[in-house]
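What follows is a short report on a single structure.
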């Protein structure tokens, strides 16, 4: 597995861990192979979020819009709100979503009302958390 793949995989697991700790029911889609969606997070108040996770050295605005647009396409037949959770080096985790044609970026903590956490070494996901 390439370094960029392992970095992204680790970030995906941190997103899932943070959401679980924040009270969301989380399913990682890695084995289901749902293109463009890495994590599905549900809670009683907001329904489901269809989340694509990206961790790179840096991003341009056009790259982010393109990634979110792909996730929107993949999510057309699924029930839930498609969002992009991303992080650049030395930057906070952010969430990008589109509402009525307006692309918005906010901090992870502000969007989900839970902190972004580092997954403790050795932590494994329980079956109900992973699906």
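The values are calculated or read from the model by the stated rules, or taken from the named source; none is laboratory data. All values reported here derive from a predicted model rather than from experimental measurement. We place every Cβ from the backbone using ideal geometry, glycine too, and count neighbours over all the protein chains shown.
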Meets criteria (surrounded by 19 or more Cβ atoms within 10 Å (Cβ to Cβ) and modelled with pLDDT under 95) for residue 26: yes
Unmet criterion (only one of (1) outside any strand (DSSP E or B); (2) surrounded by 15 or more Cβ atoms within 10 Å (Cβ to Cβ); (3) in contact with a helix residue (DSSP H, G or I) (Cβ under 8 Å, 6 or more places away or on another chain); (4) modelled with pLDDT under 95) for residue 8: (3)
Options 92, 120; residue that is in a loop (DSSP other than H, G, I, E, B) and touching a strand residue (DSSP E or B) at 6+ places or on another chain (Cβ under 8 Å): 92
Tally, over the stretch 77-119, of residues that are surrounded by fewer than 10 Cβ atoms within 10 Å (Cβ to Cβ) and within 15 Å of residue 11 (Cβ to Cβ): 2
Filter result for residue 51 (surrounded by 19 or more Cβ atoms within 10 Å (Cβ to Cβ) and more than 19 Å from residue 114 (Cα to Cα)): no
Scan of the stretch 58-116 for residues that are closer than 21 Å to residue 43 by Cβ and touching a residue at least 60 places away in the same chain (Cβ under 8 Å), ordered by number: 85, 93, 108, 112, 113, 114, 115, 116
Index of the failed condition, residue 84 passing every other in (1) under 18 Å from residue 114 (Cβ atoms); (2) assigned to a loop (DSSP other than H, G, I, E, B); (3) in contact with a helix residue (DSSP H, G or I) (Cβ under 8 Å, 6 or more places away or on another chain): (2)
Matching residues, the stretch 95-109, being over 14 Å from the mean Cα position of the chain (by Cα) and either part of a helix (DSSP H, G or I) or modelled with pLDDT of 95 or more (or both): 98, 102, 103, 104
Every residue from the stretch 32-47 that is in a strand (DSSP E or B) and surrounded by fewer than 18 Cβ atoms within 10 Å (Cβ to Cβ): 42, 43, 47
